[in-house]
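Colleague: Before anything else, here's the structure in question.
The values are calculated or read from the model by the stated rules, or taken from the named source; none is laboratory data. Treat the numbers as computed from the prediction; the structure is a model and nothing was measured. Glycine gets a Cβ as well: all are built from the backbone with ideal geometry, and neighbour counts include every protein chain shown.
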């Protein structure tokens, strides 16, 4: 499969986010931009705003935030390997994302698990205990 970089000097931000696989559909990318989840050079933008090579994008999805520099432009979605060549994540963003993931992991570890049906072994132990 051949991949095509955009020939223009800028591409719509919603198209670029979709092509770089931050969002599954272009409409989801547009909703995120409209909702203030994407900032271009620390400015809130609209989905039709153009992205240029060298721009800095801050993308927030659920509990995760990426700060990436635009390295290339694309209007069409290609393979994931191609999508990774469109941007470079900043080192401080990688560290912050890992710390956030670890803190969520430890925060959720303290939550009680939802009680489920006893396993076969548990049922045997319960039966053995009640018979005594």
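Colleague: Does residue 76 satisfy the criteria of being in contact (Cβ under 8 Å) with a residue 24 or more places away in the chain, loosely packed, with under 14 Cβ neighbours inside 10 Å and at negative phi?
Modeller: yes
Colleague: Let me ask something else. Pairs under 7 Å by beta carbon, first residue at pLDDT 80 or above in the stretch 109-132, partner part of a loop (DSSP other than H, G, I, E, B), six or more apart or different chains?
Modeller: 126/118
Colleague: Separate question: Kindly indicate whether residue 89 is in contact with a helix residue (DSSP H, G or I) (Cβ under 9 Å, 6 or more places away or on another chain), free of Cβ contacts under 8 Å to residues at least 40 places away in the same chain and surrounded by 10 or more Cβ atoms within 10 Å (Cβ to Cβ).
Modeller: The answer is yes for residue 89.
Colleague: Something else now. For residues that are closer than 24 Å to residue 104 by Cβ and either in contact with a helix residue (DSSP H, G or I) (Cβ under 8 Å, 6 or more places away or on another chain) or in contact (Cβ under 8 Å) with a residue 12 or more places away in the chain (or both), scanning just the stretch 30-40, find the one that is surrounded by the fewest Cβ atoms within 10 Å (Cβ to Cβ).
Modeller: Out of the qualifying residues, it is 39.
Colleague: Just to be sure before I move on: is residue 99 modelled with pLDDT under 95 and buried (at least 16 other Cβ atoms within 10 Å of the Cβ) in the structure I sent?
Modeller: no
Colleague: Which condition does residue 43 not pass, out of (1) without any contact (Cβ under 8 Å) to a residue 12 or more places away in the chain; (2) in contact with a strand residue (DSSP E or B) (Cβ under 6 Å, 6 or more places away or on another chain), if it passes all the others?
Modeller: (2)
Colleague: Hey, can you tell me all the residues within the stretch 46-62 that are touching a helix residue (DSSP H, G or I) at 6+ places or on another chain (Cβ under 6 Å) and not in a strand (DSSP E or B)?
Modeller: Result: 47, 49.
Colleague: So which of 58, 34 ends up being modelled with pLDDT of 95 or more and over 14 Å from the mean Cα position of the chain (by Cα)?
Modeller: Of the residues listed, the single one that is modelled with pLDDT of 95 or more and over 14 Å from the mean Cα position of the chain (by Cα) is 34.
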